[in-house]
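Please treat every number below as a calculation from the coordinates, not as lab data. Predicted model only: the values in this text are computed from it and were never measured. In this analysis, Cβ positions are derived from the backbone assuming ideal geometry, glycine residues included, and neighbour counts consider all displayed protein chains.
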Amino acid sequence: MKRIAGLILTAVFLSVLCIPCAATDTGRAYPGFSDVAEGSASYEAVKLCYERGLMNGTSETTFSPQGKLNVAQLVVLAARLYNLQNGGGGTVPDLPDLGQPYLRFYDEDGNKLIFFTMEEIPACNAVGESVYIGAAYESDGSELPETCKLEIGFEGYNHVKTFQGVKESHQSVPGTMNQGYVGTGYRFTDPDAASFTMLPGIQYVEQYKKAWWFPAVFYLGSEGVMNFDGELVYRASNGNNGDGSGYDPAVRFSKDNATRALFAWLVERSAGELEILNETVDVPDVNPDETQDAAAILRLYQAGVLTGVDQAGNFGGDKELTRAQAAIMLARVLDPALRVRPGG
């Protein structure tokens, strides 16, 4: 029972933590990288991405425009982009102290009902777009009010989120990890509930928290942009755990070069809603019914962020991404004036 509760509730915790800060200007003066010539195709894009705090150079004087972006670098860029697009300054928040997650139930007047740590939750499950959290066993639930407010967070961490719950009796399904639980709890139907069980669990945090890129993964997961295992790792490993012998993100993320397909999937999710400039797009090698993440790719074409890799307009999703190419496409997200319009 505790294992399922832990996995689901950990996902709940991670969905509420990182609130973007107020808009800021990084104020970074572009240093004029020696390997990005003024007037070149990527000059303005590199300059903008640097000034906004989205991309850095590979040294104080060079950008390495033809260098490849690896998966780890792309994930960090996506997290910075998400922060910028939501009023921040392109900062990836540090990991919180993960040792003391809690759930606190209050009545509508703000009076304490029940406080739990993760290990104390009697039952939890996700059904459709809602989450049920047990609050009391059958003998203890009669006095609970019909509605409650639930606060979720970590001890000593400032970011919390509250949800409105409705009282509901529950009997666990025989054969499940919660078998034997009969009691009263609350069902939460917040629109974000569908993603609660898809975000990084504590087992991933403990395994990867020392990786320099994991705060970006945690941040994007906590904001509901993507989940770590079922989505990011799946795509980074080409859907089959790489060579079949196991895909270890701690090793592979910093070694495997990012593809244009992975870039499109992450950036489309991180950029937020973008204005449609090109209603009709024809991308020969992107089949809406067969190509993975075709919808995300086509939306970036429609928004004037993506263009083809050849005269035919092919996307080239399996091609590796250079730093200059990434800068050009990211700059189009940051500045609508740079986006490609019909006939452009």
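Below are the figures for this structure:
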{"item": "Simple spin-label estimate for E151 and T117 in nanometres, 7 Å along Cα-Cβ", "result": "1.9 nm"}
{"item": "Contact order normalised by residue count of the stretch 202-338, Cα under 8 Å, 6+ apart, percent", "result": "21 percent"}
{"item": "Modelled FRET efficiency - R0 35 Å, K209 with Q311, Cβ distances, 0.05 increments", "result": "0.15"}
{"item": "Amide proton proximity set for L113, modelled H, under 5 Å, gap of 5+", "result": "F105, Y106, D107"}
{"item": "Value of D in µm² per second that Stokes-Einstein yields for the stretch 202-338, Kirkwood Rh from Cα pairs, at 25 °C (0.890 mPa s)", "result": "153 µm²/s"}
{"item": "Ranked list, fewest to most other Cβ atoms within 10 Å of each Cβ, for R80, R269", "result": "R269, R80"}
{"item": "Distance in nm between pseudo-label sites at D248 and K319 (7 Å out along the Cβ direction from Cα)", "result": "3.3 nm"}
{"item": "Leading residue at positive end of dipole, the stretch 202-338 (Cβ point charges), from S222, A312, V205", "result": "V205"}
